[in-house]
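Quick notes on the structure that follows.
Derivation of every value follows stated rules applied to the coordinates shown; laboratory data play no part. Since the structure is predicted, the reported quantities are computational estimates derived from the model, not experimental observations. Quick reminder, even Gly has a Cβ in these numbers, built from the backbone with ideal geometry, and neighbours come from all protein chains shown.
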Amino acid sequence: NRYFVLDFETGVLQYFMNEQTKNQSPKPRGALSLAGAIISPSDEVPHMLVVYSANGEMYKLRAADAKEKQYWITQLRSCAKHHKESDSKSISSSRSRSSSLLPPGTVNSASPSGQKHMNQSGPTVVTITHHKSPAAARRAKSQRSGQLHEVREIMSQAEGQQKNLVQAIEALPNSGPLTALDQDLLLLKATSAATLSCLGECLSLLQQSMHQVGQQHNRTLSSEGILGWPGPKSHSTEQLKNGALSSLSSASANITWAIVPSAAQDAQALQPNTEHSASELILVEDEMTDTEDNEEEDLGVMDDQRSVILHLISQLKLGMDLTRVVLPTFILEKRSLLEMYANFMAHPDLFLSIAAGATPEERIICFVEYYLTAFHEGRKGAVAKKPYNPIIGETFHCSWDVPKDKVKAFRTNGASTVPKASAKELGQDQSPCYKLRFVAEQVSHHPPVSCFYCECKEKKMCVNAHVWTKSKFMGMSIGVSMVGEGVLHLLEHEEEYVFTLPSAYARSILTIPWVELGGKVNINCARTGYSATVTFHTKPFYGGKVHRVTAEVKHNPTNTIVCKAQGEWNGTLEFTYSNGDTKVIDTTKLPVIRKKIRPIANQGPLESRHLWQHVTNSLKEGNIDAATEHKHRLEERQRAEERQRAALATPWKPKYFAKEGDGWLYVNPLWKT
C-alpha cells in the first residue's frame with residue numbers, strides 16, 4: 001500500500017511510503033508529471049490502471065474496486081488534459097487547486113492539499129511496476145537513437161550497483177539470523193546477474209541494429225521515424241520488408257493496386273453464397289487423405305529478422321492490443337487459424353471414446369484425457385510461429401474416418417472394444433469406420449471471432465465453439481487469450497460439457513522464440529454435477545519446468561476428487577484415478593489419424609487452403625517477399641470489402657453460424673436434427 005497525492009495545480013502525481021513519512025518529509029518517494037500523460041485501464045489484474053508519462057515513466061496502480069478505479073482514471077485524465085492544453089498554449093494555468101481524489105461523500109483528510117490514504121476501503125492501490133523506458137526517455141530528450149549513450153550509462157551504473165549488492169551479500173556472516181547462504185539472497189544474486197546479462201544482450205542487439213541501419217541508409221534515424229509499418233492508417237511512404245527498406249507507393253496507392261486488377265472477381269469471391277445450404281459441410285465425396293507436411297521449423301536466431309522484431313517492439317506499448325498490428329511474414333505457420341482448430345481433432349479416436357464411457361464419471365474423465373492430448377498436435381509442440389489470421393468469411397472443411405476398433409472403452413490397456421451401441425450400427429452399416437465431420441468459419445473481423453463445429457452422427461455427439469483471439473504485447477513476450485467457450489453435446493446421454501481454452505505466450509522474442517500455454521480452464525457438466533479444472537503452468541522466471549499441466553476432476557455434489565492428472569501437454573501425462581489405478585499417455589507416441597480434405601482445385605475461393613495457397617507456396621520456397629506481397633493483397637482486399645459494407649450499411653452475414661446471445665451456433669446442429 002502506498003500513499004498517493006495528486007496535485008492538480010502542478011500536474012504531478014506523487015507517492016509516499018505512508019502518510020507518516022509524508023508528514024515527516026515532504027520529498028516524495030516517486031513523482032510523475034501528468035502533462036501529456038496517457039491513463040488507461042488494464043485487465044492484467046482486477047481494478048488496475050496504468051499511467052504512461054510523456055517522459056517514459058510508467059505507474060501500474062490497483063484500486064480497491066471498479067468505482068474507485070474509474071474515479072482515479074477520470075481525475076487523472078482531467079489533470080493530464082488540463083496541463084497538456086496549458087503547455088500547448090504556453091501559458092501557466094490560473095487555476096489553483098488540488099484534487100483530493102475522494103469519491104463523493106467520503107470525508108477528506110486533514111491535509112490541506114487534499115491527500116487520500118488509499119487504505120480506507122481495504123487492499124486498494126498498490127504500486128506494481130515503476131520503471132523508466134530507456135527508449136521513451138531518449139525520445140523525450142530528443143537524443144539520437146544511434147548513440148545509445150544514456151542506455152550505456154544506465155547499464156554501467158546498474159552493473160556497479162549489482163557488484164555492490166553481491167559484495168554486501170557475500171560479506172554477511174556464515175551464521176546468525178541472516179547469512180550469505182540465505183535462499184532469498186541467493187535467488188536475488190542469481191536473478192540480478194541474469195537480468196544484467198539479458199539487458200547486456202539487448203543492448204548489444206540494439207547497437208548492431210543501429211550500426212546496420214546506419215550503414216544501409218548513411219544517415220541517422222530518429223527513434224520515432226526508423227521505419228513505418230504498412231497499413232490503412234499509415235502515412236509512411238516506406239514499407240518494411242524483413243529488415244530492409246524498400247520504396248513503395250503510399251498506403252492509399254497500395255489499396256488501389258491490391259484491388260483494382262481483379263475487383264469484380266474479388267468482390268464476387270468475398271460475398272457469401274447464401275444459395276448453398278449448410279449441408280455442404282457433409283459433401284465429402286471429393287475428400288482425400290491429407291498429405292500436407294505441416295512440420296514447422298523453429299525461428300532460431302537470424303540477424304536479418306532480428307531488426308524487424310526490434311523495430312516492431314519499438315512501436316509497441318505494454319498491454320497494447322495487437323489485433324490491428326501487421327506482424328512480419330516470416331513468423332507465420334503455413335496454415336490458417338481455422339485449420340489449427342481442426343488439428344486439435346488429430347486424435348479423433350480419443351474424442352469419440354468420450355461417448356463410450358458407461359457412467360458420467362467415465363465420460364468426463366475421457367473428455368479430460370482427450371482435452372489434454374489435443375494441444376500437442378494442434379499447437380505443433382512449442383514452435384513459436386502463428387497461423388494466418390483468417391479473412392472474414394473464410395471457411396475450412398475436413399473429416400476423419402475413425403476405425404471403429406480404435407474407439408476404446410474407458411481405461412482399457414490397448415484392448416480394442418466396440419461399445420454396445422455399435423453392435424446395432426454394425427448390423428445396419430457395414431462401414432468399419434465412424435465418420436467425423438468438421439467445419440470452421442471466420443464470422444467477424446473486428447473483433448476476430450472464429451467458430452467451429454464437429455459432429456459424428458453415428459455416435460450422436462457434436463461440439464460447437466466460438467473463439468475470440470485477443471493478442472497483447474507484454475514486453476519480451478506476446479500473450480494470446482482465447483476468449484470464448486465450446487460445448488460438447490452427448491445426445492444419447494443428454495449431457496452438455498462446457499469448456500474454455502488456455503492462453504498462449506510467445507516467449508524470448510528477441511533470441512530463440514518458443515511458445516507455452518498458460519492459465520486455468522474449466523470443464524463443467526451441469527446435468528451430472530461433474531467438473532474439471534485444468535491448469536497450464538507457465539515457466540517461472542527462475543528455475544521450474546516448461547509446458548507443465550495439472551488437472552483435477554471432481555464430483556461437486558459430494559466434493560469428491562475422482563481423477564488427477566499431471567505432466568507436460570506436449571510430452572508425458574500421468575492419470576491417477578480414485579480407485580488407485582494409474583495410466584500414462586505419451587502424446588509424442590499417440591498415433592495421428594490424418595484428416596481428409598478436398599484438393600485445392602475443388603475448393604471454393606474462400607476455403608482456407610485455396611485462399612492462402614500463394615502465401616503458403618511462397619513460404620515453402622523461402623520467398624518471404626512474395627509471401628508478404630500475397631498476404632498484403634488478401635488483407636487489403638478484406639479492408640476494401642469492409643469499407644464497402646460500411647458505406648452500404650450492410651453487415652456481414654456468416655454462412656454456417658448464427659449469432660445467439662454472446663455466442664455463435666452452427667445453423668444445422670445435430671441436436672436440432
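What to note about this one:
- Shape of the range 2-87, Cα gyration tensor, a/c cut at 1.5: oblate
- Inter-label distance, nm, simple model (7 Å from Cα along the C-beta direction), Thr576/Leu172: 3.5
- Backbone amide hydrogens, once placed in the peptide plane, bring Ser336 within less than 5 Å of Tyr388, excluding anything fewer than 5 places away on its chain.
- Evaluating 6.51 cos²θ - 1.76 cosθ + 1.60 at θ = phi - 60° for every residue in the range 602-618, the Karplus couplings come out as 9, 8, x, x, 9, 7, 3, 5, 5, 5, 9, 4, 6, 5, 4, 4, 5 Hz, glycine and proline recorded as x.
- What the phi angles of the range 516-526 give under the Karplus curve with 6.51, -1.76 and 1.60, with θ = phi - 60°, is a coupling list of 9, 9, x, x, 10, 10, 10, 10, 10, 10, 5 Hz, glycine and proline written as x.
- Amide H contacts of Glu485: His466, each under 5 Å away and 5 or more positions distant or on a separate chain (H built 1.01 Å from N in the peptide plane; Pro and chain starts excluded).
- Entries in Lys589/Lys653; Lys631/Lys655; Lys385/Lys655; Lys583/Lys659 that, when Cα-Cα distance is taken, lie over 32 Å: Lys589/Lys653; Lys583/Lys659
- The modelled label-to-label distance for the pair Asp182/Lys672, using points 7 Å beyond Cα in the direction of Cβ, is 6.6 nm.
- Amide H contacts under 5 Å for Ser42: Met48, Leu49, Val50, restricted to partners 5 or more places along the chain or on a different chain, H placed in the peptide plane at 1.01 Å from N.
- Separation of alpha-carbon centers, the range 604-618 and the range 526-562, rounded to whole Å: 39
- Shape of the range 567-648, Cα gyration tensor, a/c cut at 1.5: prolate
- Efficiency of FRET between Ile600 and Thr74 - r from beta-carbon atoms, R0 45 angstrom, step 0.05: 0.25
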